[in-house]
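Visitor: What follows is a single structure, and I will ask about it in a moment.
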Amino acid sequence: MALEPDQTSVDSITLFVALLCSCIVIGHLLEKNRWFNESITALAIGLCSGIIILLTTEGKRSHILVFNEELFFIYLLPPIIFNAGFQVKKKQFFRNFAMIILFGAVGTLISFVIVSIGTMQLFKKLDIGFLDIGDYLALGAIFSATDSVCTLQVLNQDETPLLYSIVFGEGVVNDATSIVLFNAIQKFDLSHITSRIFIEFIGNFLYFFITSTLLGVGVGLISAYIIKKLYIGRHSTDREIALMILMAYLSYMMAELFNLSSILTVFFCGIVMSHYTWHNVTESSRITTKHAFATLSFISEIFIFLYVGMDALDIEKWKVVSKSPGTSAGVSSILLGLVLVGRAASVFPLSFISNLFKRSESDKFTLKQQVTIWWAGLMRGSVSVALAYNQFTRSGHTQLRGNSIMITSTITVVLFSTVVFGLMTKPLIWLLLPSKHLCGGVSSGSFDSFPSKLMTDLPLIANGDAEVGGNNIPRPTSLRMLLATPTRTVHYYWRKFDDSVMRPMFGGRGFVPHVPGSPTEPLLH
C-alpha cells in the first residue's frame with residue numbers, strides 16, 4: 001500500500017532518529033576501547049543500514065533521507081563550529097595563534113594548490129568526463145578540508161597542550177579557509193584566469209576572512225553587553241540561555257545574509273561568548289549552555305557520518321561509475337595520494353620555518369610532533385562531503401558521469417581515511433608520543449595524582465599570566481635567559497587591555513558586579 005508523502009517523511013525521520021540513538025549506545029559500549037570513535041561507529045552503522053535498505057528496496061536506494069546542502073550548511077554545521085570556538089582553550093589558542101594561522105591558513109593554501117594542479121594534470125590521462133577549471137579548483141578546496149577528530153580523541157590536552165592546541169586550532173581554521181576558498185571559487189568566472197582576476201580572487205579571500213571574523217566578534221560582544229546590563233537571569237535562566245543560543249545562530253545567519261564566511265563568524269562568536277557572555281550568566285545557565293552546545297555539536301556530527309555511511313551505497317551514482325570501475329579506482333587513488341603529498345608539503349616546510357624563529361629548543365617542533373600534525377590532517381570528513389555535494393550534485397542527485405565519479409571518489413576517500421587512518425591513529429601516536437599521553441594524568445579518569453601534577457605544571461600554567469605560585473617560578477638570571485624567555489608577550493599586553501577596557505564594559509571572569517540574582521564567582525581553593 002503506497003504511503004502518503006507526509007507519512008513517508010515521518011517514517012524516514014523516525015528510523016533515522018532510531019539509528020542515531022543506536023550510534024550513541026554502541027559508541028558508549030566501545031568507549032573503553034577507543035579504537036572506534038563516534039565517527040567510525042556512525043559510518044559502520046550507516047553502511048550496515050544502507051545494505052539492509054538496499055536489499056529491502058530491491059536495489060533502488062540505500063538511504064532514507066536525501067542529502068540537502070542547505071540542511072548541512074544551515075542546520076548541522078553551525079553547532080559543530082560554534083562549539084569548537086566555545087570549548088577552545090583560549091589561552092593556548094591565542095598564545096599559538098601565529099602557528100595556528102600558519103598551519104591552518106597558509107598550509108591549507110599550499111595543499112589547495114597541490115591538489116588542484118595535481119588533479120588538473122593527472123585526470124587528463126583518465127576518461128572521467130567533462131570537468132572545467134572551476135571543478136579542479138573546487139576539488140583543491142574540498143580535499144584541503146581536514147577532520148582531526150580521531151587525533152584529538154587520542155591526544156591528551158593536559159599532557160600535550162601545545163600540540164593539542166595546534167592540531168585543534170589548525171583544524172578549525174583549516175575548515176574555515178577551505179570553505180572561504182570554495183565560496184570564492186564559485187563567485188568568479190575562472191575559465192579565463194588573468195592577473196586581474198587572480199588579484200581580485202586574493203582580495204576577495206582576505207575580505208571574507210577579515211570581515212567574517214569582525215562580524216563574529218561584534219555579535220559576541222553585543223550578546224555579552226546585553227546580558228551584563230539586563231541581568232536577565234534574575235527573572236529567568238531560560239531567557240538568558242535562549243538568548244545565548246539564538247545570538248550564536250544569528251551570527252551564522254547574518255554572515256550568510258551578507259555572503260560572508262559563516263564558519264569563521266560563528267567560530268569567533270563562540271570564542272568571544274565563552275570569554276565574556278558565559279561569565280555574565282547565572283551558574284545554572286553556565287552548566288546548561290556548556291552541555292547544550294556540546295550536545296548539539298555531537299548530534300550533528302553523528303548525523304553527518306551516519307548519512308555518509310548510507311550514501312556510500314547509493315545505487316544511482318554507482319550505476320554510472322560501475323561502467324568504468326578502473327577509472328573510479330584511479331580517481332580515488334590519485335585524490336588520496338594528493339592528500340598525502342599536499343599535507344606533507346604544507347606541514348614539514350612550515351614546521352621548519354616556524355622552528356627558525358624559535359630560540360628555545362623546547363619550543364621547536366620535533367620530527368615526531370611534525371609527523372603527528374601531518375597525520376592529524378589526513379582524515380577527510382563532513383566538510384569535504386558537503387562541499388562535494390554542493391559542487392557536483394543538485395539536491396543530492398547527479399546524472400553526469402564526471403560528477404558521479406567525483407561524488408563516489410569523495411565518499412571513498414572519506415571512508416578510507418576515516419576508517420583506516422582513524423584506526424591507525426592510536427597505535428601511531430602511542431609510538432610517537434609514548435605512555436604519558438595515553439595513560440595516567442587527569443584525563444585518564446584518575447584524580448589521585450592531580451595535586452602533584454598541578455604543582456609540577458604550575459610554571460607552565462602561570463606563564464604569561466598572573467603570578468601563580470609566587471617565588472617558586474624561576475626568574476631569568478642572565479641577559480641571554482632574558483632574551484630567550486621574554487617577560488612581555490602579546491598575551492601580556494592583551495590581558496592588560498582586556499582587564500582595563502574590555503571586561504569592565506562587557507563583563508567576564510571577576511568583572512561582574514554583585515547584584516542579587518546576578519552571577520557570582522566561586523572561590524578558588
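The values are calculated or read from the model by the stated rules, or taken from the named source; none is laboratory data. All values reported here derive from a predicted model rather than from experimental measurement. Glycine gets a Cβ as well: all are built from the backbone with ideal geometry, and neighbour counts include every protein chain shown. Side chains included, ligands, DNA and RNA excluded: accessible areas come from the protein's heavy atoms. Shrake-Rupley method; radii C 1.70, N 1.55, O 1.52, S 1.80 Å.
Visitor: Cβ-Cβ distance below 6 Å, separation of 6 or more or different chains: which pairs start in segment 315-341 with a residue that is closer than 22 Å to residue 55 by Cα and buried (at least 16 other Cβ atoms within 10 Å of the Cβ) and end on one that is of a type in the set (Lys, Arg) and at pLDDT below 90?
Guide: Here the result reads 320/401, each pair linking segment 315-341 to a residue that is of a type in the set (Lys, Arg) and at pLDDT below 90.
Visitor: Just give me the residues in segment 283-314 being of a type in the set (A, V, I, L, M), under 16 Å from the mean Cα position of the chain (by Cα) and open to solvent by 60 Å² or more (accessible area, probe 1.4 Å), in sequence order. Quick ask: steps written out before the conclusion?
Guide: Of all residues in segment 283-314, those of a type in the set (A, V, I, L, M) come to 287, 292, 294, 296, 299, 302, 304, 306, 308, 310, 312-313.
Those left that are additionally under 16 Å from the mean Cα position of the chain (by Cα): 294, 296, 299, 302, 304.
Passing the criteria: 296, 299.
Visitor: Let me spell it out: the conditions are (1) modelled with pLDDT under 80; (2) assigned to a helix (DSSP H, G or I); (3) within 24 Å of residue 409 (Cα to Cα), and residue 139 meets all of them except one. Which number is the exception?
Guide: Failing condition for residue 139: (1).
Visitor: Of the residues in segment 42-74, how many are of a type in the set (Ser, Thr, Tyr) and touching a residue at least 40 places away in the same chain (Cβ under 8 Å)?
Guide: So in segment 42-74, the residues of a type in the set (Ser, Thr, Tyr) come out as 49, 56-57, 62.
Checking the rest, the ones that are also touching a residue at least 40 places away in the same chain (Cβ under 8 Å) come to 49, 62.
Qualifying residue count, segment 42-74: 2.
Visitor: Out of all the residues in segment 44-70, which are of a type in the set (A, V, I, L, M) and over 16 Å from residue 414 (Cβ atoms)?
Guide: Pass one, segment 44-70, residues of a type in the set (A, V, I, L, M): 44-45, 47, 51-55, 64-66.
Matches in segment 44-70: 51, 52, 53, 54, 55, 64, 65, 66.
Visitor: Taking residue 218 as meeting all but one of (1) closer than 21 Å to residue 504 by Cα; (2) open to solvent by less than 60 Å² (accessible area, probe 1.4 Å); (3) in contact with a helix residue (DSSP H, G or I) (Cβ under 6 Å, 6 or more places away or on another chain), write down the number of the exception.
Guide: (3)
To keep it simple, each residue is scored yes or no on (1) out of contact with any strand residue (DSSP E or B) (no Cβ under 8 Å at 6 or more places or on another chain); (2) modelled with pLDDT under 90; (3) not in a loop (DSSP other than H, G, I, E, B).
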{"site": "219", "(1), (2), (3)": "yes, no, yes"}
{"site": "223", "(1), (2), (3)": "yes, no, yes"}
{"site": "242", "(1), (2), (3)": "yes, no, yes"}
{"site": "259", "(1), (2), (3)": "yes, yes, no"}
{"site": "267", "(1), (2), (3)": "yes, yes, yes"}
{"site": "276", "(1), (2), (3)": "yes, no, yes"}
{"site": "287", "(1), (2), (3)": "yes, no, yes"}
{"site": "302", "(1), (2), (3)": "yes, yes, yes"}
{"site": "309", "(1), (2), (3)": "yes, yes, yes"}
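Visitor: Would you check if residue 47 is over 28 Å from residue 267 (Cα atoms), touching a helix residue (DSSP H, G or I) at 6+ places or on another chain (Cβ under 6 Å) and modelled with pLDDT of 85 or more?
Guide: On the way: over 28 Å from residue 267 (Cα atoms): yes; touching a helix residue (DSSP H, G or I) at 6+ places or on another chain (Cβ under 6 Å): yes; modelled with pLDDT of 85 or more: yes.
For residue 47, the condition - over 28 Å from residue 267 (Cα atoms), touching a helix residue (DSSP H, G or I) at 6+ places or on another chain (Cβ under 6 Å) and modelled with pLDDT of 85 or more - is met.
Visitor: Do we find that residue 72 is within 30 Å of residue 508 (Cβ to Cβ), open to solvent by less than 20 Å² (accessible area, probe 1.4 Å) and part of a helix (DSSP H, G or I) in this structure? So that I can check it myself, show each step before the final result.
Guide: Values: within 30 Å of residue 508 (Cβ to Cβ): no; open to solvent by less than 20 Å² (accessible area, probe 1.4 Å): yes; part of a helix (DSSP H, G or I): yes.
Criteria not met by residue 72.
Visitor: Here's something else I'd like to know. In segment 144-196, what count of residues is obtained for those that are of a type in the set (Gly, Ala, Ser), at pLDDT 80 or above and not in a helix (DSSP H, G or I)?
Guide: 2
Visitor: Now, a different point. Applying the selection to segment 375-425, what residues are open to solvent by 10 Å² or more (accessible area, probe 1.4 Å), assigned to a helix (DSSP H, G or I), at pLDDT below 80 and not polar (S, T, N, Q)?
Guide: The answer is 401, and nothing else.
Visitor: Which residue is modelled with the lowest pLDDT, if the candidates are limited to segment 82-110 and must be under 24 Å from residue 143 (Cβ atoms) and open to solvent by 10 Å² or more (accessible area, probe 1.4 Å)?
Guide: That would be 84.
Visitor: Name the residues in segment 78-97 that are of a type in the set (A, V, I, L, M, F, W, C) and in contact with a Ser or Thr (Cβ under 7 Å, 6 or more places away or on another chain), would you? Walk me through it before giving the result.
Guide: We begin by selecting, within segment 78-97, every residue of a type in the set (A, V, I, L, M, F, W, C); these are 80-82, 84, 86, 88, 93-94, 97.
If the condition is that a residue be of a type in the set (A, V, I, L, M, F, W, C) and in contact with a Ser or Thr (Cβ under 7 Å, 6 or more places away or on another chain), then 80, 86, 93 are the ones that fit.
Visitor: Something else about it: Exactly one of (1) under 22 Å from residue 390 (Cβ atoms); (2) surrounded by fewer than 23 Cβ atoms within 10 Å (Cβ to Cβ); (3) touching a residue at least 40 places away in the same chain (Cβ under 8 Å); (4) of a type in the set (S, T, N, Q) is unmet by residue 237. Its number?
Guide: Single failed check for residue 237: (1).
Visitor: Taking segment 12-44 only, how many residues are open to solvent by 40 Å² or more (accessible area, probe 1.4 Å), at pLDDT 80 or above and not hydrophobic (A, V, I, L, M, F, W, C)?
Guide: Just the residues of segment 12-44 that are open to solvent by 40 Å² or more (accessible area, probe 1.4 Å), to begin with: 13-15, 17-18, 21, 24-26, 28-36, 38, 44.
Imposing the further condition that a residue be at pLDDT 80 or above reduces the set to 13-15, 17-18, 21, 24-26, 28-29, 44.
Filter again for not hydrophobic (A, V, I, L, M, F, W, C), leaving 14, 28.
Number satisfying all stated conditions: 2.
Visitor: Let me ask another. Check whether at least one residue in segment 201-216 is touching a Gly at 6+ places or on another chain (Cβ under 7 Å), over 17 Å from residue 391 (Cα atoms) and modelled with pLDDT of 80 or more, and report yes or no. Steps first, please.
Guide: Quick first cut of segment 201-216, residues touching a Gly at 6+ places or on another chain (Cβ under 7 Å) only: none.
Scanning segment 201-216, I find no residue that is touching a Gly at 6+ places or on another chain (Cβ under 7 Å), over 17 Å from residue 391 (Cα atoms) and modelled with pLDDT of 80 or more, so the answer is no.
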